[in-house]
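Colleague: First the structure, then my questions, so here it is.
The values are calculated or read from the model by the stated rules, or taken from the named source; none is laboratory data. All values derive from a computational prediction rather than experimental measurement. Because the Cβ atoms are built from the backbone with ideal geometry, glycine has one as well, and the counts that use them run over all protein chains shown.
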């Protein structure tokens, strides 16, 4: 972008030449000038801020940022907390939860999404009604989703109470109040919200498969199960990849859902790293530790996204 | 693609096997439809019940005497933190934040997409790649520097107001949120328009250029009139995302009168003073969900396309 600005500034000095040249120079530079603010904003507010956060993570910042570097103390503390399982440190809880939540959320969404897409692809009457029903939760905020499920899973008011009234009095479901199980309620609400969308992705993928291949396989005597296992699912590999990327990135970013559904769970037992970061930075006045955890989150996402973006942007020869 | 529906070999089992098959499929589909509808149904039903009926009745039962009272109370009377004036003010906060943020980010995205496809320069892929990656960062990694910058701008705004009598929006939480959402929405809007314009015939642009049309003339006369679908997709996507945002909202406008709807809702629901009025909470949640639900009902097709475009990348 520096080249763009110097170009404009230089133009008047060539002013001996007729104005046409200046105009055409401006015209040539115009596309870059139009793009420049957005690009500059991205560089400063995304990459500059990331570096700033990285810098803060190597300081001793507490309530307010301090800019004297004090080495990787924040990371050493996080590293120590990583193995502090009894009693679990908040960081230990957060990353264990991230593992449980990330794995179950991604796995169940993929499985359920694929399953529903295959079912919906059987020339279903009323598909036009069912599809929007499966998909609408994606339009809701995590906060609304959390509020709805908090109510639904509340032992005194929701599902448990309802089943008791229907006569199943031994039914017991208090995960949302149980520190060992609360993270699974986050999985339930998360799956509820995103699985319909994953279904739509798979359905679009299924509709794109060439019918001839299927016919050929059927003629060769493949059973329905074989057909899906051997032919359809391998053909859907790109969809699996896209869906995985979407889900992984949603999972690592999930913050609001935990807040709305569980308020962090009993004793912070439902925290994810995003909640850890927010709490340590803004409530516990441990800014350096909060920043370090943000850097770790960023690196995790980068490890997943960058290879993906690289292959996506490179693949298409222009 | 439908395989189970036309089984070549199972037909020996006669009609019954096929029928059983269909029954299983339809019941599964209906069961899942119930799973997805249940929370919304419960929320809706509860918001029309009296507290008495909630405590003594069944969650799934329809309200015996439907009342609008909880909705009115949520809108105009319920307590958010210490102020008890309902959520209506916060609803408007969200509107005031969403509308400019969506318009600005969409327009910038359109211009960026136009440049990145029709006025390519060396390194355009790198520029795009850098902007695209910005879509995926966890916002926690920029949260703190942004808070610091917004804080300084706010102090500068106070100085400015003392000097000139006008703060130019600096330090105003709503303006701050508009700015933040534009900045971190640019990646997505650029992505949408870039992919859309990629398929737009470049010859048209070149022909107009030869005829002497300028950069902006081409954008206005040729690109814009052909961009309606992607505008709808982008606006819906941005609207949904920004309306539903909680992280930025709670970090930069988490207290006070300027908080957006999501933060206010979370406060209403988690207020622990007095009796918890579940019906009012549910009505508040419904009100918070209505704008995006409405968009989804009216323009579901575009909503899905936006999600897909956001998912299936560059």
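Colleague: Filter the range A:145-201 down to residues that are assigned to a loop (DSSP other than H, G, I, E, B) and under 22 Å from residue B:283 (Cα atoms) and give me whichever is nearest to the chain's Cα centre (by Cα).
Modeller: Only one residue fits best here, namely A:154.
Colleague: Also, quick follow-up: Being within 26 Å of residue A:72 (Cα to Cα) and buried (at least 20 other Cβ atoms within 10 Å of the Cβ): is that true of residue A:291 here?
Modeller: So residue A:291 passes the test.
Colleague: Taking residue A:133, is it in a helix (DSSP H, G or I) and touching a helix residue (DSSP H, G or I) at 6+ places or on another chain (Cβ under 9 Å)?
Modeller: In short, yes.
Colleague: Here is a further query. If residue A:205 meets every condition in (1) within 18 Å of residue B:38 (Cα to Cα); (2) more than 7 Å from chain B (Cβ to nearest Cβ); (3) within 28 Å of the chain's Cα centre (by Cα) apart from one, which number is that one?
Modeller: (1)
Colleague: At least 3 residues that are surrounded by fewer than 16 Cβ atoms within 10 Å (Cβ to Cβ) in each: list the helices (runs of 4 or more DSSP H) lying fully within the range B:166-285 that qualify.
Modeller: The helices (runs of 4 or more DSSP H) meeting that bar are B:202-210.
Colleague: Do we find a residue being assigned to a helix (DSSP H, G or I), within 16 Å of residue A:288 (Cβ to Cβ) and within 12 Å of chain B (Cβ to nearest Cβ) anywhere in the range A:89-110?
Modeller: No, the range A:89-110 contains no residue that is assigned to a helix (DSSP H, G or I), within 16 Å of residue A:288 (Cβ to Cβ) and within 12 Å of chain B (Cβ to nearest Cβ).
Colleague: Please return the ranges of helices (runs of 4 or more DSSP H) entirely within the range A:1-63 where 2 or more residues are loosely packed, with under 12 Cβ neighbours inside 10 Å and either at pLDDT below 75 or out of contact with any strand residue (DSSP E or B) (no Cβ under 8 Å at 6 or more places or on another chain) (or both).
Modeller: A:2-10, A:19-42
Colleague: If a residue has to be in contact (Cβ under 8 Å) with a residue 40 or more places away in the chain, more than 18 Å from the chain's Cα centre (by Cα) and at the interface with another protein chain (Cβ under 10 Å from one of its Cβ atoms) to count, how many in the range B:216-250 make the cut?
Modeller: 1
Colleague: If you don't mind, another one. Which of the residues spanning the range A:259-275 are within 26 Å of residue A:195 (Cβ to Cβ) and away from chain B (no Cβ under 11 Å)?
Modeller: Answer for the range A:259-275, where residues must be within 26 Å of residue A:195 (Cβ to Cβ) and away from chain B (no Cβ under 11 Å): A:265, A:269, A:270, A:271.
Colleague: Have a look at A:228, A:308, A:278, A:255 and point out the one that is under 28 Å from residue B:241 (Cβ atoms) and over 16 Å from the mean Cα position of the chain (by Cα).
Modeller: So the residue among A:228, A:308, A:278, A:255 that is under 28 Å from residue B:241 (Cβ atoms) and over 16 Å from the mean Cα position of the chain (by Cα) is A:278.
Colleague: May I ask you to list the residues in the range A:276-310 that are more than 30 Å from residue A:66 (Cα to Cα) and at the interface with chain B (Cβ under 10 Å from one of its Cβ atoms)?
Modeller: Passing the criteria: A:304, A:305, A:306, A:308, A:309, A:310.
Colleague: Taking residue B:279, is it out of contact with any helix residue (DSSP H, G or I) (no Cβ under 8 Å at 6 or more places or on another chain), within 11 Å of chain A (Cβ to nearest Cβ) and touching a residue at least 60 places away in the same chain (Cβ under 8 Å)?
Modeller: no
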